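Below is one structure, written out as structure tokens; comments come after it.
Since every read-out is calculated from the coordinates, none of them should be taken as a lab result. Since we're looking at a predicted model, the values are computed, not measured. In this analysis, Cβ positions are derived from the backbone assuming ideal geometry, glycine residues included, and neighbour counts consider all displayed protein chains.
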Amino acid sequence: NILAIMGNLVVLIILVSSQYKLTVPRFLMCNLAFADFCTGIYLLLIAIKDVQTQSQYYNYAIDWQTGAGCSAAGFFTVFASELSIYTLTVITLERWHTITYAMELERKVRFRHAVVIMLVGWVFAFTIALLPIFEVSSYMKVSICLPMDIETPLAQAYIMFLLVLNILAFIIICTCYISIYFTVR
């Protein structure tokens, strides 16, 4: 967790402060590094709680799961996961587009387009992570603070939506890389 935080912080600092122009791929890598940084924060929060309870978590479980700490940890992990998956999908699509249309410079992905695309991703990830706080699902059901509530149809729909969306992202990524392979082969 500390390594994830420090490593991604270093990546962000290097990419942002580099003397080279912030290109579309570098910009997308910054977004991915930030998402992974948030995953590190989630892991740190869980590790801190583990150390605080000194292997007697069962004595503190209810207080932790129903408290603000678990909600914060859950928010960080869902936000980070969804932003990471979204960013990986965008990176893949950008690479596929760049390779597929390598000879057509007018079809190049522009920086401003990448900013708008990533802004949509940030709003999406933030909204999805916020929904369990507003009782669409709940971060309180499991000790690792994931939104695993399936008691209501709305909570079930939330989980199914995320699963289907993430499977779709996986299929898009695989399809693009297979296409890239056959294009450069």
Part-to-part distance (alpha-carbon centres) for the stretch 99-165 and the stretch 50-83, which is given in Å | 21
Cα-centre dipole for the stretch 31-185 with unit charges at Cβ (Lys and Arg positive, Asp and Glu negative), debye to 20 = 560
Neighbour cut-off at most 14 other Cβ (10 Å), DSSP loop, trypsin sites (Lys or Arg not before Pro), the stretch 87-175 = Lys108, Arg110
Treating the beta-carbon of each Lys and Arg as +1 and of each Asp and Glu as -1, no other charges, what is the dipole magnitude of the stretch 50-131 about its Cα centre, to the nearest 20 debye?
-> 400
For the stretch 1-40, what class follows from the C-alpha gyration tensor (a ≥ b ≥ c being the square roots of its eigenvalues): rounded when a/c is under 1.5, otherwise prolate if a/b is larger than b/c, else oblate?
-> oblate
Starting with the highest mean, order 121-128, 98-105, 25-32 by the number of other Cβ atoms within 10 Å, averaged over the residues of each peptide.
-> 25-32, 121-128, 98-105
So between Thr183 and His97, what do we pick up on full extension, going 0.36 nm a residue minus the alpha carbon distance?
-> 29.8 nm
The FRET efficiency for Glu135 and Asn166, from their Cβ-Cβ distance with R0 = 30 Å and rounded to 0.05, is 0.85
Can you list the residues of the stretch 70-102 with backbone N under 12 Å from a point 7 Å past the Cα of Arg26, pointing along Cα to Cβ?
-> none
Choice from Ser55, Ser143, Ser71 showing the highest fluctuation, given a GNM over the chain with Cα pairs closer than 10 Å | Ser55
